Every structure is written in structure tokens, then in C-alpha cells.
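J.: One structure is given below, represented as C-alpha cells, and several questions about it will come after.
The values are calculated or read from the model by the stated rules, or taken from the named source; none is laboratory data. Keep in mind it's a predicted model, so treat the numbers as computed, not measured. In this analysis, Cβ positions are derived from the backbone assuming ideal geometry, glycine residues included, and neighbour counts consider all displayed protein chains.
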There are 2 protein chains.
Amino acid sequence: MTNYPIQVRLSETKKQKPLSDQLEFGRVFTDHMFVADYFEGEGWVDHRIVPYEPLQIDPAATIFHYGQTVFEGLKAYIGKDGKVLLFRPEENMLRMNKSSERLCMPQIDEENALEALKQLITVDKEWIPTTEGTSLYIRPFMVATEPYLGVSPAKKYKFIIILSPVGSYYKEGIHPVKILVENEYVRAVAGGTGTAKTAGNYAAGLRAQEIADRKGYSQVLWLDGVERKYIEEVGSMNVFFKINGEVVTPMLNGSILEGITRKSILELIRYWDIPVSERRISIEEVYEAHRSGTLEEAFGTGTAAVVSPIGELNWRDEKIIVNNGETGELSKKLYDVLTGIQTGELEDPFGWVTEVTETAVVKSV
Amino acid sequence: MTNYPIQVRLSETKKQKPLSDQLEFGRVFTDHMFVADYFEGEGWVDHRIVPYEPLQIDPAATIFHYGQTVFEGLKAYIGKDGKVLLFRPEENMLRMNKSSERLCMPQIDEENALEALKQLITVDKEWIPTTEGTSLYIRPFMVATEPYLGVSPAKKYKFIIILSPVGSYYKEGIHPVKILVENEYVRAVAGGTGTAKTAGNYAAGLRAQEIADRKGYSQVLWLDGVERKYIEEVGSMNVFFKINGEVVTPMLNGSILEGITRKSILELIRYWDIPVSERRISIEEVYEAHRSGTLEEAFGTGTAAVVSPIGELNWRDEKIIVNNGETGELSKKLYDVLTGIQTGELEDPFGWVTEVTETAVVKSV
């Protein structure tokens, strides 16, 4: 990494840190951020860790008009002996490059980006909360900044990493949520941007989410945009069902996000020799399984919640109650084992966890 | 409008204006911009015309991560006697509010926004180019600025209007373009955001456009995302065909943008008593019309080009040559009449054109 110098300009003042038990998700940010600039023909330049501050972007920049942007989300934990741990961060950098390809945005050097992330975490290490269930949420993202209103890929970009200490997703212990099956709105369709982690997919989902909120549901279950019958995702998570002893999750079909938690859960389930399949699964099939008593569990998976058990699905006013509305055995085991590995409490037979060592920052300053 | 004071802070320096014959589209911006801020519970505040300058936005703002943004595009022309003319601007403000509803963004006061637009144009009036075919492109847009990483509608927004003098779309006269029919990528699907003028739709289209460019085509023809056979739009324009004496354009189906040029063209065609229908039209139908010799014309419509004749469609390597690759009679007439009305050269029997009077700015300063 000697060819990758990162300039560090430390903040002159330090912000007050929130108390661990008052932490929410994504509202408070640390003292510093990482920024690099891209110019077509020149590549990525001016890699720097600077005080967290507003971005200055031309009002005609592509990001404001044509939505050229991709992002990632992952977490750092304080493990045993104060070690700082990351969970499969190289998967995030790889996926960011896949997303960028779909959006005609430049590739990042995955190793350099990971190094930048580690250095930034080291600079703001004291922001990592230590209470059980808390973590430091990491948001790498790229935005197109060229001031040009023509509809074409931009020639200027910023790659940025910001950090946010976040509270436990389950303040009162892991518990199941109620989900509304969405019949009108569509999140994404094959040929669109559904597999990319890009802004437009999330903007498209807001309206349905707002309606679900009003009806007292936590999230929506997205059906496919073509036949409106096959299950895609739940909210901004991947989704799993356990039916008659077999775990089923929708196959990657060109409109579903390739979740890193999804991938890890599949690896865990296969490691445990539980039957599992990635295939098309319709909402009718889930309903029929419920009626015949073979629907055992349902849960969403993602970085924020890790595993989110589903207690009820409302499909055209038919209520599908899952496992008496309680957290299933497998859901709980997956949550415990995955968070255990992430925080270093449990052994990691897969090599998923990376330690952030102090040496990184020493190199850069 | 006495209840709508706009603060004006004029730029201390004036930028050099580009020569009329060197104008491109959307690269140069005028000396000023309009900005207003929205806070949930408070509404729109601090309406101001200020020097054109970078926006300062928190790196965690919703716009950078979840794409909550809508925009509009229209043009101002210098007409006879130096009058400043706008074409159906109230339609843009109406559509912006429709788009905002889909994206869970706040409504603007359409009359106030139009007044702000007129005042801004008056302040930067000397930026309106006068050469034939040139105009002042107007870009109103709204972005979500709340620094929060939760996936939910933001509580803070900015409404901004920027202005850009633009050159003639047809520097060497109106001429037909070559279009590639897109079979892999999809622009939008019913239930998605296709009818809204929002960033994600444009981001989704970049990849296909880039591939078409490389193959020597100007734009792509989008097919529907469900059956992949019905015609939706061409590039970022609506599309029309003239088959056996009848004009046909895809009906508004929940994924097509309600173009204001599209609407005006339909009104003109009906005014002229030419047979016209808004209905589903498949690419097979266009191909069959071509084979049987009844495909007379094809053209795209939008604010930038007004009317863009199509000379060739490439569908799975079958070339559909339209009107010997020349501009059709109806395409030319529509272009001439519409641009004639827009610039005040021709009579406006529809009441489409609005004059920007000087009184507006006097009120505000």
C-alpha cells in the first residue's frame, strides 16, 4: 500500500458522543470521513481523511438529476480484548464495483478502499460503541459530481466513507415483525437496477413503505414486477422461509439484491446440513404451506437487523401467522451464531472476520 | 403574490457569456439560481435568488443514498419584440407535484414556483440567447437533504431552479436519428417510478444508452418490462409512429412519462383532424407495418429536441428503415409549428405561451 498515501487532516474539535443506550440508526456521525475524487482520464486522486463536513457540490451535478450513485453498508464491532472487527468487508467492496458497473460509474481499487476504511475507523476508533448489540455502521458511497445536464455517465465522482455509531436493532430482544404483501408497487424488475445497491431502488420503495406504516406493518414484502406472484425481498432485506424442514430463499434472478448476510446465512445453513434451496417461491406457495401447517418460519436478512423474524404476513387481507407469531428456533440460532461470529464471541470457522489493526493509521499520517 | 416575498442577493461578478454558436446543452449556467428550503412541520421557507454556487449538503443526506429527488425541464425563448416566452410552464409545476407524490416528497405551491421562475429569468434575462434555435433551458428540481441513513422519506428538502443557455438541438437542420431497440435492459415497469420525473429512471437507462452509443446508435427504444414487446419510450423521449395514415403513440400505462411535448403534439394532431390513437403498440406491429409498406413516419418528442425524427430502428439486427431515412412530412410540420408557437413566430390558438413580464422582478427587490 506504499503507493496509496492517504492525507489525514484531523478535526480541531471533537463532537460529543451519544450515550450507548440512546443510539438510534444512522442519525449521528463521527468526527471524520474519507473522501477521494475521480476525474475521467486521471482516475482516483486526493485520497484524504478530513473532518466530517457538508459536501460542496454544483447544483447541476449528475447525482441531483440522474441519480448516478451506489452505496454499501457494513458494521465494525469491538470484540474481546478491545479488538476492532469487520465482517466480510471485501464482499462489500466487490459488490460496490458490481453496482458501479450497472450504473456506468468507475471502479474503485477494492484493496485500497478497504485500507481507507480501516484507517478511517482507526482515526475514529473511540466512536465504536461497546454495549451489547451496538456497533459502528460504515457507509461507503459514490456520487457523480459533474455539472452537466446531458443524460450520460458523468466524468467526475466522489468516493466517500462515513461512520455512524448505531444502537441495538433489538432493544428489547429479537422479536418478530408484521409484514404487508405489496400488490400495487414494484421495487425492481429484471433488466432494471434491482441487483445494484443504488438510490433509485430505495426511492421506488418509499411510497409502499409509507402505506404499510400507516396500516401498522413494519415492512412490505415485494413481489416480482412481471407476474406479481413470486417473492423478491422484504423491505430492504432478503427473505427466507422454512417449509416442511427445508429452508427456501428466492433465487438471484436479476432483480434481487445479492445480500452478504443472505450469502452468509446460506453458507451457515449448508454447514449445518439443513436442506436449503434457492429457487422461485410464490406467495401462493407460502400461503398454501401456512394452510397445510408446513410453514415453520420466515425471516428477513440484512446488515442492519442481521436476522429479522416474520410473525405475520398480510396478503390481500388474509393473515398468514408464522410460528404463532413467535421467533422460530432456526431464526434465533442464525441470529445468535452470526452476531456471535461478527462480535468475536464465537469461533469463526469461515474466515469471515477481519481485524482492524492499529498499524494502518501509523502508515498514513 | 404579496404573501410570497423572494429575497434577491445579486452576484458581485458576472460570468462571461458563451457565444450563441458555441452553445451546447446543459454545460453553462447563468449568474443566479433560486433556492427555497423545506422543513417538516414548517413548510417552505427562505425563498431566495442568490448567486449560482455549489450546494452545501451533509454527506448523510437522503439524496446521496436513497435518491429522493424530482426534476422538471422547460425552455424560455426570446420572441418578437424581445418578449420572453415560456411554453406551458404550469404543466411542469403540476407534473413536478405528481412526481413528488410518488417519491413521498412535499408539494410545492405551483403558482409561487412559477412566479419564482419568472423572477429568476428576469434577473438573468440577458443570458437568454437570441440566435435561431437557441433558448434558455430551465431546470427546477427538488432534493432531500436530511442527514439520516434510515430508509424513509426525509424531513428536509431544497427546491432549486437553475438556468442554462442552450444551443440549437439541430445545428445542421432537423435530421433523423438511428435507434437501437433494447432487449436486455428495462427503463421502468408499472408499479415502479416510470411516470415520475425522478433520477432513478435516468440512472437505470445509462447502461443501455452507453451500449447503443458504442454500436453507433443515438438512442435506445425501450420495451415494456413485463412482456418485452410493447413500445414505451425512446431514450428520454416519448415516441410516435404514423402507420397507414394514423398516428399512434403508446398509451399512458403506469410506466411511461406523461410528456408535455407528447400532450401538445396529440392536441395539435387532433386540431388538424389527423387520425390518432393512444394505445399499446408492439415492436412486432411496427416491424410488420415496415414490411407491408405502411410505416410512414416515426419520431420522438421531448423538451430538448421538440420533435426528433427516427430514420432507422434496429430490432434484433433487423433494420427497419423509416421513410427512406428522411424526415417525414408530419414530423417536419409538427416541429415547425410547435417551435413556431414556442418562439412566438406563429399564432398560438391554444393559449400555451406565457409571457414573462418585467413587473415580476420589480416587486421582489
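J.: When the residues of the range A:65-84 are narrowed to those that are of a type in the set (D, E, K, R) and more than 24 Å from the chain's Cα centre (by Cα), which ends up surrounded by the most Cβ atoms within 10 Å (Cβ to Cβ)? Outline the logic, then answer.
T.: As a first pass, look at the range A:65-84 and keep what is of a type in the set (D, E, K, R): A:72, A:75, A:80-81, A:83.
Checking the rest, the ones that are also more than 24 Å from the chain's Cα centre (by Cα) come to A:80-81.
Working: A:K80: 9, A:D81: 6.
Among those that are of a type in the set (D, E, K, R) and more than 24 Å from the chain's Cα centre (by Cα), it is A:K80.
J.: Taking the options B:N244, B:N238, name whichever one is surrounded by fewer than 16 Cβ atoms within 10 Å (Cβ to Cβ), of a type in the set (S, T, N, Q), assigned by TED's automatic domain parsing to the domain that holds B:V306 and in contact with an Asp or Glu (Cβ under 9 Å, 6 or more places away or on another chain).
T.: Numbers: B:N238 fails: surrounded by fewer than 16 Cβ atoms within 10 Å (Cβ to Cβ).
Selected residue: B:N244, the only one of B:N244, B:N238 that is surrounded by fewer than 16 Cβ atoms within 10 Å (Cβ to Cβ), of a type in the set (S, T, N, Q), assigned by TED's automatic domain parsing to the domain that holds B:V306 and in contact with an Asp or Glu (Cβ under 9 Å, 6 or more places away or on another chain).
J.: Do the conditions hold for B:T62, that is, is it polar (S, T, N, Q) and under 17 Å from the mean Cα position of the chain (by Cα)?
T.: Details: polar (S, T, N, Q): yes; under 17 Å from the mean Cα position of the chain (by Cα): no.
The answer is no for B:T62.
J.: Still on this model: Checking B:A188 against (1) outside any strand (DSSP E or B); (2) over 30 Å from B:L114 (Cα atoms), only one condition comes out false. Which one?
T.: The single condition B:A188 does not satisfy is (2).
J.: Answer with yes or no whether A:A212 is more than 30 Å from A:T62 (Cβ to Cβ), in contact with a strand residue (DSSP E or B) (Cβ under 6 Å, 6 or more places away or on another chain) and free of Cβ contacts under 8 Å to residues at least 40 places away in the same chain. Spell out the reasoning first.
T.: Numbers: more than 30 Å from A:T62 (Cβ to Cβ): yes; in contact with a strand residue (DSSP E or B) (Cβ under 6 Å, 6 or more places away or on another chain): yes; free of Cβ contacts under 8 Å to residues at least 40 places away in the same chain: yes.
For A:A212, the condition - more than 30 Å from A:T62 (Cβ to Cβ), in contact with a strand residue (DSSP E or B) (Cβ under 6 Å, 6 or more places away or on another chain) and free of Cβ contacts under 8 Å to residues at least 40 places away in the same chain - is met.
J.: Also: Please go through the range A:310-326 and give me each residue that is of a type in the set (D, E) and either over 9 Å from A:Y287 (Cβ atoms) or in contact (Cβ under 8 Å) with a residue 60 or more places away in the chain (or both), ordered by number. Walk me through it before giving the result.
T.: Step one: filter the range A:310-326 for residues of a type in the set (D, E), giving A:312, A:317-318, A:326.
A:E312, A:D317, A:E326, listed by residue number.
J.: Right, something else. Looking only at the range A:302-329, which residues are farther than 20 Å from A:D213 by Cβ, out of contact with any Ser or Thr (no Cβ under 9 Å at 6 or more places or on another chain) and either surrounded by 20 or more Cβ atoms within 10 Å (Cβ to Cβ) or not assigned by TED's automatic domain parsing to the domain that holds A:R214 (or both)?
T.: Within the range A:302-329, A:V322, A:T327, A:G328 meet the criteria.
J.: OK, next. Do you know which residues across the range B:40-68 are facing chain A (nearest Cβ under 10 Å), of a type in the set (A, V, I, L, M) and in a strand (DSSP E or B)? Break it down into steps so the answer makes sense when it comes.
T.: Of all residues in the range B:40-68, those facing chain A (nearest Cβ under 10 Å) come to B:52-68.
Going one step further and asking which of them are of a type in the set (A, V, I, L, M), we end up with B:55, B:57, B:60-61, B:63.
B:L55, B:I57, B:A61, listed by residue number.
J.: For residues in the range A:29-39 being farther than 28 Å from B:T198 by Cα and more than 7 Å from chain B (Cβ to nearest Cβ), which is surrounded by the fewest Cβ atoms within 10 Å (Cβ to Cβ)?
T.: A:D31
J.: Out of curiosity, is B:Y38 in the same structural domain as B:I128 (by TED's automatic domain parsing), touching a Lys or Arg at 6+ places or on another chain (Cβ under 7 Å), touching a residue at least 40 places away in the same chain (Cβ under 8 Å) and more than 26 Å from B:E258 (Cα to Cα)?
T.: Working: in the same structural domain as B:I128 (by TED's automatic domain parsing): yes; touching a Lys or Arg at 6+ places or on another chain (Cβ under 7 Å): yes; touching a residue at least 40 places away in the same chain (Cβ under 8 Å): yes; more than 26 Å from B:E258 (Cα to Cα): yes.
So B:Y38 passes the test.
J.: Follow-up question, since we're still on this one. Just give me the residues in the range A:182-191 being within 18 Å of B:V151 (Cβ to Cβ) and not basic (K, R), in sequence order. Full working, then the answer.
T.: Quick first cut of the range A:182-191, residues within 18 Å of B:V151 (Cβ to Cβ) only: A:182, A:185-188.
Matches in the range A:182-191: A:E182, A:Y185, A:V186, A:A188.
J.: If you don't mind, there's one more thing I want to ask. Taking the range A:19-71 as the region of interest, how many residues are modelled with pLDDT under 95 and touching a helix residue (DSSP H, G or I) at 6+ places or on another chain (Cβ under 7 Å)?
T.: Result for the range A:19-71: 0.
J.: Okay, next question. Conditions first: (1) among the charged types (D, E, K, R); (2) part of a loop (DSSP other than H, G, I, E, B); (3) more than 10 Å from chain B (Cβ to nearest Cβ). A:R228 passes all but one, so which condition is the exception?
T.: Of (1) among the charged types (D, E, K, R); (2) part of a loop (DSSP other than H, G, I, E, B); (3) more than 10 Å from chain B (Cβ to nearest Cβ), only one is false for A:R228: (3).
J.: Right, something else. I'd like the full set of residues that are under 18 Å from A:V307 (Cα atoms), surrounded by fewer than 21 Cβ atoms within 10 Å (Cβ to Cβ) and under 20 Å from the mean Cα position of the chain (by Cα), limited to the range A:176-196.
T.: A:V177
J.: Right, B:V239: aliphatic (A, V, I, L, M), away from chain A (no Cβ under 14 Å) and either assigned to a helix (DSSP H, G or I) or closer than 23 Å to B:G73 by Cα (or both) or not?
T.: On the way: aliphatic (A, V, I, L, M): yes; away from chain A (no Cβ under 14 Å): yes; either assigned to a helix (DSSP H, G or I) or closer than 23 Å to B:G73 by Cα (or both): yes.
So B:V239 fits the description; yes.
J.: Can I ask one more? Somewhere in the range A:243-262, is a residue part of a helix (DSSP H, G or I) and of a type outside the set (A, V, I, L, M)? Working first, answer last.
T.: Applying the first criterion (part of a helix (DSSP H, G or I)) to the range A:243-262 yields A:260-262.
Checking the rest, the ones that are also of a type outside the set (A, V, I, L, M) come to A:261-262.
Yes; the residues of the range A:243-262 include at least one that is part of a helix (DSSP H, G or I) and of a type outside the set (A, V, I, L, M).
J.: Any idea which residue in the range B:205-215 is farthest from B:T193 (Cα to Cα), counting only those that are at the interface with another protein chain (Cβ under 9 Å from one of its Cβ atoms) and not aliphatic (A, V, I, L, M)?
T.: B:D213
J.: Just one of the numbered conditions (1) in contact with a helix residue (DSSP H, G or I) (Cβ under 7 Å, 6 or more places away or on another chain); (2) within 12 Å of chain A (Cβ to nearest Cβ) is not true of B:L117; which one?
T.: Result: B:L117 passes all but (2).
J.: Anything in the range A:153-204 that is among the aromatic types (F, W, Y), under 25 Å from A:F34 (Cβ atoms) and within 10 Å of another protein chain (Cβ to nearest Cβ)? List them, or say none.
T.: Result: A:Y202, single match.
J.: Can you tell me which residue among B:V307, B:V356 is in contact (Cβ under 8 Å) with a residue 12 or more places away in the chain, closer than 16 Å to B:K263 by Cβ and of a type in the set (A, V, I, L, M, F, W, C)?
T.: Working: B:V356 fails: closer than 16 Å to B:K263 by Cβ.
Sole residue among the options that is in contact (Cβ under 8 Å) with a residue 12 or more places away in the chain, closer than 16 Å to B:K263 by Cβ and of a type in the set (A, V, I, L, M, F, W, C): B:V307.
J.: Which condition does A:G26 not pass, out of (1) touching a Ser or Thr at 6+ places or on another chain (Cβ under 6 Å); (2) in a strand (DSSP E or B), if it passes all the others?
T.: The number of the failed condition is (2).
J.: Within the range A:105-112, is even one residue more than 14 Å from chain B (Cβ to nearest Cβ) and under 21 Å from B:A60 (Cα atoms)? Don't jump to the end; show me each part of the working.
T.: To start, the set of residues in the range A:105-112 that are more than 14 Å from chain B (Cβ to nearest Cβ) comprises A:107-112.
Filter once more, keeping what is under 21 Å from B:A60 (Cα atoms): A:108.
Scanning the range A:105-112, I find at least one residue that is more than 14 Å from chain B (Cβ to nearest Cβ) and under 21 Å from B:A60 (Cα atoms), so the answer is yes.
J.: On to the next question. Given the conditions (1) more than 7 Å from chain B (Cβ to nearest Cβ); (2) out of contact with any helix residue (DSSP H, G or I) (no Cβ under 8 Å at 6 or more places or on another chain); (3) among the hydroxyl-bearing types (S, T, Y), report the number of the one that A:S218 does not fulfil.
T.: (2)
J.: May I pose another question? Which count do you get for residues in the range A:1-28 that are surrounded by 13 or more Cβ atoms within 10 Å (Cβ to Cβ) and of a type in the set (D, E)?
T.: 1
J.: Still on this structure: Would you tally the residues in the range A:169-190 being out of contact with any helix residue (DSSP H, G or I) (no Cβ under 9 Å at 6 or more places or on another chain) and in contact (Cβ under 8 Å) with a residue 12 or more places away in the chain?
T.: Of the residues in that region, 6 qualify.
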